[in-house]
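Student: Quick one: the structure is below, questions incoming.
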Amino acid sequence: MELKRYLKKHFKFEEFRPGQEETIESVLKGKHTISMLPTGTGKSLCYQLPGYLVDGPVLIVSPLLSLMQDQVEQMMAMGEKRVIALNSFLSPQQKAKALEELERFRFIFISPEMLGIESVLNRIRKVSVSLFVVDEAHCISQWGYDFRPDYLKLGEFREKLGQPLTLALTATASKEVRKDIAEKLHLGDWNEVVYSVDRPAISLALEFASTFQDKLDRTVELVKYLKGPGIIYFSSKKVAEQTAVHMREKGIKNAMAYHGGLDSESRVLIQQQFINGQLDVVCATSAFGMGINKENVRYVIHFHMPMQIESYLQEIGRAARDGRDSIAILIYSPGDEQLAYQLAEGELPDQYQIERLFAFIIDNQIVYKDLADRAEELSIICGFTEIQWRIVEDYLSNLEALDYKIDKQSLLQLIENRLEVKNTKIKKMLGWVHTKECKRKVILEMFGEELQERPRNCCISCGIDIDHYKETEPSSEQSLAAVDWKQELASILLMRERI
DNA sequence: CGGTTAGCCGCTAGCGGCTAACCGGTGCGCTAGT
């Protein structure tokens with residue numbers, strides 16, 4: 001009752017969405033909380049509202065700069081001025097000023113990497129954070145182990161901040177992942193608010209294609225046939241680009257590619273065009289998605305199989321935000337999983353590289369303490385990619401505790417174990433592709449849920465009437481007046497600068 | 001694994017066809033050099 005008053009006062013809403021009130025109550029009772037709410041529930045409200053009821057500032061750890069900027073923008077638009085994103089968008093001067101005036105802010109957004117900087121952490125410690133929020137908390141499990149190791153250190157950072165009350169928010173985390181989140185954050189005791197990951201409005205389809213060409217043809221056919229807009233996910237930037245070109249040649253005019261290799265202007269532009277309904281389809285890699293709040297995505301096609309079921313769920317979850325019937329179609333060709341295995345292997349150092357590293361250390365009599373300082377040199381000599389080196393570096397950084405007793409075998413074992421974890425996830429994904437059981441039931445079981453009720457057009461095993469997802473009338477969105485993209489981009493960028 | 005490409009051979013002067021080698025996703029912060 002009380003909470004609703006604040007909801008109306010600060011956010012002008014009459015009612016909470018499912019899970020919001022429970023999450024907020026749990027936090028206000030002083031319990032560490034892991035909250036898994038469906039996409040589009042308004043997870044940010046779960047920390048914004050408590051922000052007005054607690055004493056110190058709220059610190060929000062966020063995975064993407066663009067996500068932080070969006071949140072800050074939104075909150076400013078709502079009239080909240082005491083909000084800042086501490087990240088590399090700030091010039092060194094702006095950053096220094098922000099840190100100096102840190103007491104001024106009620107909401108502080110930050111990346112794990114920035115929080116890992118000692119001087120920044122020490123400064124934040126002085127403002128006594130009242131609520132420590134981890135947004136998109138599944139990133140801890142998904143990225144922390146190798147891609148962005150600072151995610152794994154959040155527990156350590158949290159302790160340095162005096163173990164503040166903590167709220168972890170996510171839309172997709174299996175029971176194991178939630179446990180991992182709690183462990184990595186050093187939560188001890190915690191409360192869970194868990195809502196189903198099931199999205200009854202999304203039909204789960206799967207098709208087989210014998211060759212690459214067949215798959216490509218079928219994809220084009222589907223895009224022409226299905227009611228849009230839609231997203232197609234690829235595990236290769238090149239194939240995403242080529243397919244987008246191919247689609248335009250086949251008469252699908254508003255098809256664009258999106259991946260991490262594009263410059264940031266193009267990325268912002270394509271994302272905005274998609275959100276504004278100026279694109280029919282985006283050929284994307286996994287870079288596309290987080291922070292895309294588009295109500296009416298009608299289909300998600302997987303040209304390549306994701307590397308884990310959680311990624312699959314996140315990606316198809318971008319459809320049907322408005323709750324209207326939508327379809328997810330994974331097109332599988334025999335051997336597709338090889339690409340996933342290859343990607344998993346490629347991010348870990350191989351035995352050969354480790355041999356070279358140790359040979360070099362011995363030949364040059366390098367003291368282990370100096371290894372980190374010579375990272376660049378070693379990376380070139382041993383042929384490590386940035387991410388591969390990070391795994392070695394992380395291993396080395398833990399050596400101090402072991403009195404620098406380094407041995408090749410334990411490092412190789414660690415790498416082997418990491419690969420095993422990744423491969424197991426790929427195998428699970430592949431198992432789901434091949435299962436003849438109800439696809440929805442199997443996914444829910446993986447998340448520790450039971451299927452309560454089969455929706456119409458549940459999945460390929462239960463039967464789908466694909467005509468239901470057919471384009472019946474020309475999309476009204478496309479008839480909107482043409483927008484000057486250049487001008488639009490300029491205005492978006494201007495808005496960012498102002499923050 | 002499967003798609004792309006560079007490079008070579010062969011037969012006849014530019015191009016087809018073959019093979020071997022290579023590559024494949026996600027992002028933060030910082031620094032050097034324009």
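Student: Give the calculated FRET efficiency between A:Tyr195 and A:Glu100 to the nearest 0.05, with a Förster radius of 25 Å applied to their Cβ-Cβ distance.
Tutor: Taking R0 as 25 Å, the efficiency between A:Tyr195 and A:Glu100 is 0.05.
Student: With +1 assigned to the C-beta of every Lys and Arg and -1 to the C-beta of every Asp and Glu, and no other charges, what is the dipole magnitude of the range A:290-381 about the Cα centre in debye, to the nearest 20? Don't jump to the answer; show the numbers that get you there.
Tutor: Working: 8 positive and 16 negative charges, 107 e Å.
The calculation lands at about 520 debye.
Student: Let me ask something else. Run the helix sum for chain A: -39,500 (n - 2.57) per DSSP H stretch of 4+ residues, divided by residue count, reported at 222 nm to the nearest 500 deg cm²/dmol.
Tutor: After summing the helix terms and dividing by residue count, I get -13500 deg cm²/dmol.
Student: Shifting gears a bit: Among A:Gly30, A:Met68, A:Gln142, flag the residue with its Cα farthest along the positive direction of the charge dipole of the range A:3-194, charges on Cβ as +1 for Lys/Arg and -1 for Asp/Glu.
Tutor: Projecting each Cα onto the dipole axis, the largest value belongs to A:Gly30.
Student: Among rounded, prolate and oblate, which fits the range A:343-464 when a ≥ b ≥ c are the square roots of the eigenvalues of its C-alpha gyration tensor, a/c under 1.5 means rounded, and a/b larger than b/c means prolate?
Tutor: prolate
Student: Subtracting the Cα-Cα distance from 0.36 nm times the residue separation, let me have the gained length for A:Leu343 to A:Lys428 in nm, one decimal.
Tutor: My answer for the length gained is 29.0 nm.
Student: Ordered by residue, what ³J(HN,Hα) values in Hz, to whole numbers, does the range A:16-22 give under the Karplus form 6.51 cos²θ - 1.76 cosθ + 1.60, where θ = phi - 60° and Gly and Pro are x?
Tutor: 7, 8, x, x, 5, 5, 4
Student: With the contact rule set at Cα under 8 Å and sequence spacing of 6 or more, what percent relative contact order holds for chain A?
Tutor: With pairs under 8 Å counted, the relative contact order is 15 percent.
Student: Could I ask something else about it? Could you order A:His302, A:His10 by accessible surface area, starting with the largest, using a probe radius of 1.4 Å?
Tutor: Highest to lowest solvent-accessible surface, that is A:His10, A:His302.
Student: What percent does the relative contact order of the range A:271-327 come to when contacts are Cα pairs within less than 8 Å and at least six residues apart?
Tutor: Relative contact order, the range A:271-327: 36 percent.
Student: Length gain on complete extension for the stretch A:Gln93 to A:Glu118, per 0.36 nm per residue less the alpha carbon to alpha carbon distance?
Tutor: Between A:Gln93 and A:Glu118, full extension yields an extra 7.2 nm.
Student: Please list the equivalent ellipsoid semi-axes of chain A, computed as the square roots of five times the alpha-carbon gyration tensor eigenvalues, in descending order and whole angstrom.
Tutor: That gives 36, 32, 24 Å for the three semi-axes.
Student: With every protein chain present, what accessible area does A:Arg199 have (1.4 Å probe, heavy atoms only), rounded to the nearest 10 Å²?
Tutor: Counting only protein heavy atoms, the figure is 40 Å².
Student: Using a basic spin-label model with each label point 7 Å from the Cα along Cα→Cβ, how many nm lie between A:Gln74 and A:Lys238?
Tutor: Label-label distance for A:Gln74 and A:Lys238, simple model: 3.8 nm.
Student: Once phi is turned into ³J(HN,Hα) by the Karplus curve 6.51 cos²θ - 1.76 cosθ + 1.60 with θ = phi - 60°, what whole-Hz value does each residue of the range A:352-366 show in order, with x for glycine and proline?
Tutor: Couplings: 4, 5, 5, 4, 4, 4, 6, 4, 5, 4, 6, 4, 9, 6, 6 Hz.
Student: Enter the accessible area of A:Ile275 (Å², nearest 10), with the probe set to 1.4 Å and all protein chains included.
Tutor: Here the residue's solvent-accessible area equals roughly 50 Å².
Student: Moving on to the next point. Once the piece of chain linking A:Ala372 and A:Lys81 is laid out straight, how much longer is it, given 0.36 nm per residue of separation minus the C-alpha distance between them?
Tutor: 100.7 nm
Student: So if a site counts as exposed when it's one of the GluC sites (Glu not before Pro), its DSSP state isn't H, G, I, E or B, and it has at most 14 other Cβ atoms within 10 Å, what's the longest stretch of chain A without one?
Tutor: A:102-294
Student: Let me ask you something else. In nanometres, what is the gap between the two model label sites at A:Lys4 and A:Glu450, each 7 Å from Cα along Cα-to-Cβ?
Tutor: So the two model labels end up 3.2 nm from each other.
Student: Further, regarding this structure: Taking the Cβ-Cβ separation of A:Asn417 and A:Ile381 as r and a Förster radius of 22 Å, what is the calculated FRET efficiency to the nearest 0.05?
Tutor: Computed FRET efficiency for A:Asn417 and A:Ile381: 0.30.
The values are calculated or read from the model by the stated rules, or taken from the named source; none is laboratory data. Keep in mind that this is a model prediction, so the values were computed, not measured. Please note: Cβ atoms are built from the backbone with ideal geometry, for glycine as well, and neighbour counts cover all protein chains shown. Surface accessibility is based on the protein's heavy atoms, side chains included, excluding ligands, DNA and RNA. Shrake-Rupley method; radii C 1.70, N 1.55, O 1.52, S 1.80 Å.
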